[in-house]
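Asker: Attaching a single structure in structure tokens format; questions to follow.
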Amino acid sequence: MGDVEKIPTGVDGLDDMLYGGIPINNQMLVAGGPGAGKTLLTFEILYRNAKRGVPSVFIPLEEDTPMVLRNVKEAFSEFDDLDDLVKSNMIEIDGGGPALKVKEVTDSELYSFGNIVSEIESLVKQNNSKIVVIDSVSMLKLVLGETSLYRKSMMGLISTLRRLNVTSLFTSELPSTERESLIFSPEFFMFDGVLNMYQIGERDKRNTMLEIVKTRGSNHSKALTPYDITPSGFKLTTAKIE
Ligand SMILES: Nc1ncnc2c1ncn2[C@@H]1O[C@H](COP(=O)(O)OP(=O)(O)OP(=O)(O)O)[C@@H](O)[C@H]1O
Ligand SMILES: [Mg+2]
């Protein structure tokens, strides 16, 4: 197991794959194709932690707060105490101020990276968050372009979150939904951890599988693991764990 302190995800089967959880203060990428379940998986991790008293913030850059909550409730209809946990601010869902309104603002001046970082920083401080979800980095990439500025900005954001002592999950588009044709983009190297969600095409249906690519500072299962999204949360079929 090692001595690294971990934050359990609470997701059925995932902590076994992570040998206990996400190493504390890891900045992790959760990458997958459209509809793979990135938003739902990261949200469930916040929900499970809120239930045991760990506060967090979910920062949606693609959807507004009511839409996030509606989609989560629709998928996870058995999360009865979700509204209470949101109301009591154990899970803060907040799209931030003007710099983070990536979809709405046309004035690129507002996208100054300093503004983005300081807005994220103040969201984290509002409820003393221990876990942060940014959904998604693809939105930031859209704004900053696939330039060295984007890479530098992301590195800056990652080091700010490290300094704030939080564990973060950044969702991202996977360059390919198929594992075999995957080319790793720069994000895969910047982050401490990477979890990929694949939709693997069979002849007449797609199978959903996830894989932990890396967690800095800890070992993890290398197994490609099937998952289902159910009303009571994600279910992983972890039979192959070594
Ligand atoms: N009520 C439900 N029951 C079961 N599965 C559901 C339900 N609602 C949504 N899903 C599954 O969850 C997926 C959407 O999950 P989510 O929004 O987390 O995906 P995503 O990876 O964030 O997508 P995007 O790339 O669009 O942001 C759907 O494609 C569907 O497979
Ligand atoms: Mg999403």
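Asker: How high is the FRET efficiency from residue 73 to residue 155, r the C-beta distance, R0 41 Å, rounded to 0.05?
Answerer: 0.70
Asker: I want to check the label-to-label distance for residue 206 and residue 237. Put each point 7 Å from Cα in the C-beta direction and report it in nm to one decimal.
Answerer: 1.8 nm
Asker: Further question: Between residue 127 and residue 180, what FRET efficiency follows from the Cβ-Cβ distance if R0 is 41 Å, with the result rounded to 0.05?
Answerer: With a Förster radius of 41 Å, E is 0.45.
Asker: Quick one: compute a quarter of the convex hull surface over the Cα atoms of region 50-99 and quote it in nm².
Answerer: 3.7 nm²
Asker: Please sort 185-191, 79-85 by packing, taking for each peptide the average over its residues of neighbouring beta carbons within 10 angstrom, highest first.
Answerer: In decreasing order of mean packing, 185-191, 79-85 become 185-191, 79-85.
Asker: Now for a separate question. Determine, for each peptide in 53-64, 207-218, 226-237, the mean count of other beta carbons within 10 angstrom over its residues, then list the peptides with the highest first.
Answerer: Ranking, from highest mean packing down: 53-64, 207-218, 226-237.
Asker: Nearest 5 percent is fine: what portion of the DSSP beta bridges confined to region 1-143 is antiparallel?
Answerer: 20 percent
Asker: Considering the chain as a Gaussian network with a 10 Å cut-off on Cα pairs, which listed residue, 148, 77, 176, attains the greatest mean-square fluctuation?
Answerer: Fluctuation is largest for 148.
Asker: What translational diffusion coefficient, to the nearest whole µm²/s, does the chain have by Stokes-Einstein, given a Kirkwood radius computed over alpha-carbon pairs, a temperature of 25 °C and 0.890 mPa s viscosity?
Answerer: Translational D for this selection: 135 µm²/s.
Asker: To continue, here is another question. Mind scanning 38/222; 87/141; 152/205; 130/222; 73/125 and naming the pairs with a C-alpha gap bigger than 29 Å?
Answerer: Over 29 Å apart, Cα to Cα: 87/141; 152/205.
Asker: Here's a follow-up. Quick one: net charge around residue 25, please, counting Lys, Arg +1 and Asp, Glu -1 for every other residue with C-beta under 12 Å from its C-beta.
Answerer: Computed value for this residue: +3.
Asker: Further question on the same structure: Using Cα centres only, tell me the gap between region 208-241 and region 3-50 in whole Å.
Answerer: Cα centroid of region 208-241 versus Cα centroid of region 3-50: 10 Å apart.
Asker: Follow-up question, since we're still on this one. What relative contact order, as a whole-number percentage, does region 6-236 give when Cα pairs under 8 Å and 6 or more residues apart are counted?
Answerer: Here the relative contact order equals 31 percent.
Asker: Let me ask something else. When the convex hull of the C-alpha atoms of region 1-139 is computed, what volume per residue in Å³ does it have?
Answerer: 119 Å³
Asker: Cα-based Rg of region 135-225 per 2.2 N^0.38 Å, rounded to two decimals?
Answerer: Here the answer is 1.20, to two decimals.
Taken together, the values in this text are just the output of simple stated rules run on the coordinates, not laboratory data. All values reported here derive from a predicted model rather than from experimental measurement. Don't worry about glycine lacking a Cβ; one is built from the backbone with ideal geometry, like all the others, and counts go over all protein chains shown.
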